[in-house]
Amino acid sequence: MKGIQSTGPALLMLAILILAPAFAEPAPNTIKIVCTTSVLMDPATYIGGDRVEAITIADPTLCPHLQGDIIPSRIQLNMDFIPGADLFMAYNDSNDQRYNIPAVNDFMKANNYGSVTWKTVSDPSREWNTPAKAKLLAEEVRGWLVQYDPINESYYDERYGEYVKSFDAIEPTPAEKEKLNQTQVIVMLWQREPVEEWLGMNVVNIFAPEFALNGTRTAAKVVDDINANPEKYRNVSFIIENMQSGELAKGIEESLKDKGINVKRVVFTNFPRSIEGVDTMAEVLEHNKQIVL
């Protein structure tokens, strides 16, 4: 009997020790983040890992300036998430200032949820669709996460390092660079920087929507130049559209083909999750690169 009596408390203590971790300090709450676009949601969710849950206000398949009627509906779809969000992240470019940020602010005010403090990019004029610029954005997002949740800084640092490496992995090889450097293109304004500075392609001309550059570089203006200087375009291989801006360059393609120039019109994207299977910014850039290779 003595053996049984002494064993009982020991077994009880052993059970407590085994079960103790289950009742230790509870897991931290998930950080809920509202992002104006998927450009910010991508680094936020990657760097934040399992500590973060995020949504995007703007539809990644369309340019935010075309979504005036869509954004309020997308906010309503996320009306249970937004009021309880911990962080609000914005690029703070003209589209955010005119459409995304005011729509969220108005929603919060109209429902008496309080005001919003936005984390905004230090230089909203800086583009994001090259590896170098995407890394700069990721560094800022990492800083916002650490500022909010400093106890997990090492976790965010590790995932930030992995995120940055994803861009190193998609840099063009020397053979790809050589091929791209010899390729002449006409490119939509929003894609000029990655095409010219990152891929190193030879930009013969650019086109843009009517509202950009005072209407001086529309597709119709490029067609006029083709008609006036056809030899300038003789070696153009690609016309590069921007997915979120809609179809702008069909007339340019037709004009070149009418002159016997065998050009191909392709579509780049600059928002993650705008195409199935292209979920990160690194995958966006790799997708664009492969189109012209």
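A short reminder: the numbers here are calculations on the coordinates, not readings from a lab. Predicted model, so just to flag it, every value in this text is computed and none were measured. All Cβ positions, glycine included, derive from the backbone under ideal geometry; neighbour counts span all protein chains shown.
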Can you work out the FRET efficiency for the pair T173 and E276, with r the C-beta to C-beta distance and R0 = 30 Å, to the nearest 0.05?
0.70
In terms of the Cα gyration tensor, with a ≥ b ≥ c the square roots of its eigenvalues, is segment 174-292 rounded because a/c is under 1.5, prolate because a/b exceeds b/c, or oblate?
oblate
Sort the chain into rounded, prolate or oblate with this rule: let a ≥ b ≥ c be the square roots of the eigenvalues of the Cα gyration tensor; rounded if a/c is under 1.5, and if a/c is not under 1.5, prolate when a/b is larger than b/c, oblate otherwise.
prolate
For segment 58-66, just list the computed ³J(HN,Hα) in residue order, Karplus coefficients 6.51, -1.76 and 1.60, θ = phi - 60°, integers in Hz, with x standing in for Gly and Pro.
7, 6, x, 7, 10, 5, x, 6, 9
Distance in Å, no decimals, from the C-alpha centre of segment 41-79 to the one of segment 95-131 is 11
Does segment 31-168 classify as rounded, prolate or oblate by the C-alpha gyration tensor (a ≥ b ≥ c root eigenvalues; a/c under 1.5 gives rounded; else a/b over b/c gives prolate, otherwise oblate)?
oblate
Rounded to the nearest 0.05, what FRET efficiency is calculated for W118 and A220 with R0 set to 35 Å and r the Cβ-Cβ distance?
0.35
Restricting to the chain, what percent of DSSP beta bridges are antiparallel, rounded to 5?
5
Straight-line reach only, C-alpha to C-alpha below 29 angstrom: list the lysines that K232 could link to, leaving out same-chain residues fewer than 8 apart.
K177, K179, K221, K250, K257, K259, K264, K289
Beta carbons within 10 angstrom, averaged per residue: use that to sort the peptides 261-270, 192-201, 169-178, highest first.
192-201, 261-270, 169-178
Structure-based [θ]222 nm, the chain - -39500 (n - 2.57) summed over DSSP H runs of at least 4, per residue, nearest 500
-12500 deg cm²/dmol
Going by amide H atoms built from the backbone, whose H comes under 5 Å of the H on V267, apart from near neighbours?
E241
What FRET efficiency would be calculated for the residue pair Q97, K250, taking the C-beta separation as r and a Förster radius of 35 Å, to the nearest 0.05?
0.65
With +1 assigned to the C-beta of every Lys and Arg and -1 to the C-beta of every Asp and Glu, and no other charges, what is the dipole magnitude of segment 174-292 about the Cα centre in debye, to the nearest 20?
300
Chymotrypsin sites (Phe, Trp or Tyr not before Pro) within segment 65-111, DSSP loop, no more than 16 other Cβ atoms inside 10 Å:
F81
